[in-house]
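Participant: Got a structure for you, written out below as C-alpha cells; questions coming shortly.
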Amino acid sequence: MSYQGFISRLSKEEQDFYDIKNAAAEFYKVQRIPQEMERALNELFLHKPEDVHGYLANYFANLSAPPRISRLQGREVYDAGGQLSIETEVFCIVCNKEQSMSSAAISSHLGPKETSLDWKATIQETAQHVTTAVQWINGPLSSMLKIQNPCDQSEVDRILSNFFMACYLKEKDIRNKEEESNLPNDPEVVLLSPTHVQSKDQRSGDKGKKSNTAEKPLPSAEPTEPVLPGSLAIGSVSLAVAKTGAQVQGIPLYKYIAALKNTKALAQFHIPVPLVTLLSCGKNSPGKLNLLEEVILIPKVGQRVKQIITMTLELQKEMMKIINTSTKTGATQAILCDSGAPAMSYERPEQPLDLIIEACTNLGLSLGEEIHLAVNCAAPELMDYSKGKYEVASGALKSPDELVDMYQTLISKYPAVVALIDPFRREDKHQWEKLSNGIGDSCSLLSDITYKSKAPPLPGVRGHILKYINETTVSDLIHITSQHHASVLLGTTCREPCSDYSLSDIAVGLGLDYVKLGGLSSAERITKYNRLSSIEEELAQQGILVSKEKHLAPLFTEKPPEQSTTAESTPSVCF
C-alpha cells in the first residue's frame with residue numbers, strides 16, 4: 001500500500017498525530033537526541049552513581065548552550081564613605097532559564113575637583129553621576145550586551161568603551177558650544193589661569209617691590225577633563241561581566257583574569273605584597289600638618305598576608321599606646337580617616353615618623369630591614385594658587401624648590417622611607433627631576449595618573465598609581481599591566497565599595513608584585529585583605545603558590561624612562 005493510500009485510510013485526527021510523530025522523529029534525529037540518550041545511559045550504567053538523576057542532570061547540562069547575557073540591572077548603593085555609588089547585576093539565560101549570575105561595584109570619583117567642592121555640592125553631583133549610570137546600565141548598555149557571550153571579555157569591553165566614547169564626544173561638543181557662546185566679544189579681554197590672577201592692588205604694589213629671591217613663575221595648572229556623568233557604569237559593568245565569565249567557567253576570578261592576560265595557562269601564582277596604610281597626617285587630619293596624606297608600611301617580601309596584618313595591628317596598637325602616654329611625639333588626638341587608618345594630629349612631618357620609629361623599637365622591629373615606609377604626599381591638593389606655594393602645614397607655605405629641599409632632608413634623616421607618592425603637581429616637572437637626581441636610588445618617586453593615564457611620563461618617576469574607577473575596564477587593566485609589568489601596583493581609593501573584594505583577585509590575576517589596600521580599621525578594606533589571605537591559602541593547598549624573589553628597596557628599582565613629548569609614551573603604572 002502506498003503512503004498516500006495509507007494516509008487516506010486514517011482519520012483527520014490520526015493523520016495529525018502521525019505527522020507530529022514524524023516531525024518529532026526528524027527533530028530528534030537532527031538534534032542527535034537518540035545517540036546522546038544512549039551515550040548518557042551507557043555512562044550512567046558504567047558509573048552507577050548514587051544520585052542517578054543528578055548525574056543525568058549534570059551530563060546534559062554540559063551539553064547545553066553556553067550562557068548568554070539576557071539583561072543588566074543597575075542599582076544605587078552606598079559606598080564606605082556613605083556616598084551614593086552604583087552596583088551592576090548580570091543576568092544570563094542558562095538552560096533556558098534566566099539566572100542572576102554576579103554583581104559588582106567599583107569606586108566612584110568626580111575627579112580632582114572633588115576635594116574643592118563643599119559637601120552639599122559633592123552629594124548633589126555624585127547623585128547626578130549615579131542616576132545617569134543607572135540609566136545607562138538599565139537602558140542602552142543592557143540592550144547592547146543582550147545575547148553577548150559573558151566569557152568574551154574583550155568584545156564586551158569594546159562595546160562599553162565605544163559607548164562611552166560616543167557619550168564623551170557628544171558631551172564635549174555640547175561643552176565646547178557653551179564655552180564659545182560665553183566668550184567675551186571684547187578682543188582686549190584676556191582670560192587668565194588661577195596662577196596668573198592678581199588684584200589691581202597686587203599688580204600696582206609689585207611695581208615698587210624687588211624680590212630678594214628670584215623665584216621662577218609657577219607653571220599654570222594643566223586643564224583637567226571633567227568626569228563624564230554616568231562613567232562609573234562602564235567599569236562596574238565590565239567587572240560584573242568578568243565575574244560572570246569566571247562563574248560560567250567554574251574558576252575563581254583571579255584565575256579567570258590570569259587566563260585573559262596570558263596566552264598560556266599559568267602553572268604557578270604569587271601573592272602581591274600588601275602595602276598597609278599605618279596613619280594619616282593629610283589635609284583632612286585634625287592637626288596642622290597636611291603633607292603626609294598616608295604613611296604606608298612596606299613589609300618584607302616572603303611573609304604571609306596574615307603575618308603582615310598581625311604585625312601591622314601590633315605596630316598600630318603600640319603607636320596608640322605611645323600617643324596615649326603623651327611621649328615626645330606630641331600627638332594630641334587621632335581619628336579614623338577614609339583610608340582606613342588613624343588620622344593623627346601633628347605639626348611637623350618628623351613627628352609621625354618618629355612615632356613609627358619609637359613603636360618599632362619597642363616591638364623589636366627593624367625599620368629599614370624588616371619593614372620600609374612609603375609616604376603619599378598628595379601634594380597637588382596642597383597648592384595654594386593665590387600664593388604659588390604648597391601649604392605643607394596650616395600657615396606654612398613652601399615653594400616647589402623649597403619642597404625639594406624639604407624632601408631631601410626628610411629622606412636623609414629617615415632612610416627607611418623608600419618611596420614618595422605625588423610629592424609635587426604634575427606641572428612642576430623641573431622639581432620632579434631635581435628631586436630624583438638629588439635622592440638617587442635611595443628612594444623611588446611615584447605618581448598617581450588616575451586622571452592622566454595617557455600623559456607623557458614625568459622625569460624621575462619610576463612607577464605610577466592608577467585606581468580602578470569610573471570608565472576603566474578589565475581589558476584596560478590588562479593592557480596597561482602587560483605594557484608595564486615591572487612597576488605596577490594596584491591601589492584602592494578613599495571611598496571603596498562596602499562588600500566587593502574583587503580588587504584582590506584582580507591584583508593576583510594580573511601577576512602584580514604589590515597591592516595597596518589601605519588601612520586595617522574599616523570593614524570594606526578588611527574584606528579585601530581577607531580575600532587576599534584566602535587566595536593565598538587556596539594556592540598553597542593546591543601547591544601552586546610561589547614566593548617572589550626578594551625585592552630590594554626602594555619600591556621600584558628600575559631606572560625611569562627617558563621623558564617623551566608624545567602622549568603615547570605611557571609611563572610605568574602602579575595600581
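Participant: For the stretch 148-165, give me each residue that is open to solvent by less than 50 Å² (accessible area, probe 1.4 Å) and within 17 Å of residue 231 (Cβ to Cβ).
Facilitator: 156, 157, 159, 160, 161, 163, 164
Residues are listed down the side, and each one gets a yes or a no for (1) modelled with pLDDT of 80 or more; (2) open to solvent by 10 Å² or more (accessible area, probe 1.4 Å); (3) over 20 Å from residue 303 (Cα atoms):
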residue	(1), (2), (3)
499	no, yes, yes
504	yes, no, no
525	yes, no, no
538	yes, yes, no
545	yes, yes, no
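Participant: Hey, among 87, 114, which residue is at pLDDT 90 or above and acidic (Asp, Glu)? If you could, list the steps in order and put the result at the bottom.
Facilitator: Numbers: 114 fails: at pLDDT 90 or above.
Answer to the check: 87.
Participant: Could you list all residues from the stretch 458-483 that are out of contact with any strand residue (DSSP E or B) (no Cβ under 6 Å at 6 or more places or on another chain) and surrounded by 20 or more Cβ atoms within 10 Å (Cβ to Cβ)? So that I can check it myself, show each step before the final result.
Facilitator: If we filter the stretch 458-483 for residues that are out of contact with any strand residue (DSSP E or B) (no Cβ under 6 Å at 6 or more places or on another chain), which is where we start, we get 459, 466, 468, 470-480, 482-483.
466, 468, 470, 471, 472, 473, 474, 475, 477, 478, 480 - these are the residues of the stretch 458-483 that are out of contact with any strand residue (DSSP E or B) (no Cβ under 6 Å at 6 or more places or on another chain) and surrounded by 20 or more Cβ atoms within 10 Å (Cβ to Cβ).
Participant: Now, a different point. Enumerate the pairs (first residue in the stretch 401-423 and closer than 16 Å to residue 461 by Cβ; second residue anywhere and among the basic types (Lys, Arg)) with beta-carbon separation below 8 Å, excluding pairs fewer than 6 apart on the same chain, so at least 6 apart or on different chains.
Facilitator: 404/434
Participant: Using beta carbons and a limit of 7 Å, which pairs, at least six apart or on different chains, have the first residue in the stretch 138-152 and in contact (Cβ under 8 Å) with a residue 60 or more places away in the chain and the second one of a type in the set (S, T, N, Q) and not in a helix (DSSP H, G or I)?
Facilitator: 138/73; 146/70
Participant: Only residues in the stretch 47-62 that are over 15 Å from residue 37 (Cα atoms) count as the first member; pair them with residues that are open to solvent by 50 Å² or more (accessible area, probe 1.4 Å) and hydroxyl-bearing (Ser, Thr, Tyr), Cβ under 8 angstrom, at least 6 apart or cross-chain, and list the lot.
Facilitator: The qualifying pairs are 47/55; 49/55.
Participant: Still on this structure, I have one more. Only one of (1) of a type outside the set (Ser, Thr, Tyr); (2) within 20 Å of residue 354 (Cβ to Cβ); (3) open to solvent by less than 60 Å² (accessible area, probe 1.4 Å) is not met by residue 424, so which one is it?
Facilitator: Of everything listed in (1) of a type outside the set (Ser, Thr, Tyr); (2) within 20 Å of residue 354 (Cβ to Cβ); (3) open to solvent by less than 60 Å² (accessible area, probe 1.4 Å), residue 424 misses just condition (2).
Participant: Additional query: Can you find a residue that is hydrophobic (A, V, I, L, M, F, W, C), over 19 Å from residue 89 (Cβ atoms) and open to solvent by 50 Å² or more (accessible area, probe 1.4 Å) anywhere in the stretch 242-256?
Facilitator: Keep residues of the stretch 242-256 that are hydrophobic (A, V, I, L, M, F, W, C), which gives 242, 246, 248, 251, 253.
Now drop any that are not over 19 Å from residue 89 (Cβ atoms), which leaves 251.
Checking the rest, the ones that are also open to solvent by 50 Å² or more (accessible area, probe 1.4 Å) come to 251.
Within the stretch 242-256, one or more residues are hydrophobic (A, V, I, L, M, F, W, C), over 19 Å from residue 89 (Cβ atoms) and open to solvent by 50 Å² or more (accessible area, probe 1.4 Å).
Participant: If you take the residues in the stretch 72-112 that are among the charged types (D, E, K, R) and either on the phi > 0 side of the Ramachandran plot or touching a Cys at 6+ places or on another chain (Cβ under 9 Å) (or both), which one is surrounded by the most Cβ atoms within 10 Å (Cβ to Cβ)? It would help to see each step written out before you state the result.
Facilitator: In the first step, residues of the stretch 72-112 are kept if they are among the charged types (D, E, K, R); the result is 75-76, 79, 87, 89, 97-98.
With the extra rule that they be either on the phi > 0 side of the Ramachandran plot or touching a Cys at 6+ places or on another chain (Cβ under 9 Å) (or both), the set shrinks to 79, 98.
On the way: 79: 22, 98: 11.
The qualifying residue surrounded by the most Cβ atoms within 10 Å (Cβ to Cβ) is 79.
Residues checked against (1) loosely packed, with under 15 Cβ neighbours inside 10 Å; (2) of a type in the set (D, E, K, R); (3) closer than 30 Å to residue 311 by Cα:
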position	(1), (2), (3)
373	no, no, yes
382	no, no, no
387	yes, yes, no
390	no, no, no
393	no, no, no
400	no, no, no
410	no, no, yes
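The values are calculated or read from the model by the stated rules, or taken from the named source; none is laboratory data. If you're wondering where the values come from, they're calculated on a predicted model, not measured in any experiment. Every residue, glycine as well, gets a Cβ built from its backbone with ideal geometry; the counts of neighbours run over all protein chains shown. In case anyone asks, the SASA skips ligands and DNA or RNA and just uses the protein heavy atoms, side chains included. Shrake-Rupley method; radii C 1.70, N 1.55, O 1.52, S 1.80 Å.
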